[in-house]
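Below is one structure, written out as structure tokens; comments come after it.
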Amino acid sequence: MAYIGMGAYAEYTRIRRSRAIPLPDFMDFEQGAAFPIAVLTAWHLLHSCHQTTAGQTVIVHSAAGGVGIAAVQIAKAAEARVIGTVSSDDKIAFVRKFGADEVINYATHDFAPEAMRLTGGRGVDLILDAVGKPTLIKGLGCLAPFGHLVLYGRAGGIPDPVNPMTLFGKALKISGFAVTMVYGMHEIHRRGLDDVYRLAREGKLTVRSAGDFRWPTQWRRFDTCNRASQWENYCCFPERRAPAAMTRERDGVSVGGHAGTPDAAVRRDPHPLVVALMVFLGAVGTWTPAQFALRRVC
């Protein structure tokens, strides 16, 4: 059994029936922990918000992230053409490995004219956008007639307002999505689960986990995700007992404190409310001055 929601970082928790996800026999708990949010978000973006079919062209922004990698694979399973966007050249091969037909480094190339070039001037049918402000308006410019842009995050900031009249010329659509809305929609939720399990069983969908954390003693290893390339999923598992401070190094980052700080070995774990707020801010995709402040306090 897996579960999506607040309060999951615990040995025991009380959950709503609608949020319980039965795991198939071929999936262990570690895979189950990494599977639901990224994979179900990607599936619903492609098959609930939009009806992705063979021959359509899909842009997946942040293609090297958890949702992005899942979306690339699910779109390819639907026989769509997939164009991924990434922030650096070293992520291109990674995204191609999961099936992307084309990958654009948006740091060195403007993705919109590149997408128009790759589609022979027609544009793309669907854009999955978790970035927001830097990409939304440009994305509208490279949609094909009857094209659809789905916004499901705002990692780059809240998008600028859109004049609805600009959508008329090519009959474009903009919609938003958060996976939490499907919890109570049992038929849709079940359809998504059944299909992603089918794809996983057939070897068409893989969810990679780069590592796990033992909560709460290794909570600071979340800093590893922020410092390193966020290519894969990380899982948290509860731990009954833990020392107040840890100095063990892993991958060049001190588990007991922020790397490079002289007092890393003597810092104590922060108040649980501070940790909860940090996790919440990360979950909603907001990287604010307040969050930077919290990281410094911790």
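None of the figures in this text is laboratory data; all of them are computed from the coordinates on show. Only a predicted model underlies this, so the values are computations on that prediction, with no experimental measurement involved. In this analysis, Cβ positions are derived from the backbone assuming ideal geometry, glycine residues included, and neighbour counts consider all displayed protein chains.
Descriptive notes on the structure:
- A simple spin-label model places pseudo-atoms 7 Å from Cα toward Cβ; at residue 79 and residue 171 they are separated by 2.3 nm.
- Whether region 33-97 is rounded, prolate or oblate, judged on the alpha carbon gyration tensor where a/c under 1.5 counts as rounded: oblate
- Take 30-42, 182-194 and order them by the average number of nearby Cβ atoms within 10 Å per residue, most first; the result is 30-42, 182-194.
- Sorting 128-136, 198-206 by their mean Cβ neighbour count within 10 Å, with the most densely packed peptide first, gives 128-136, 198-206.
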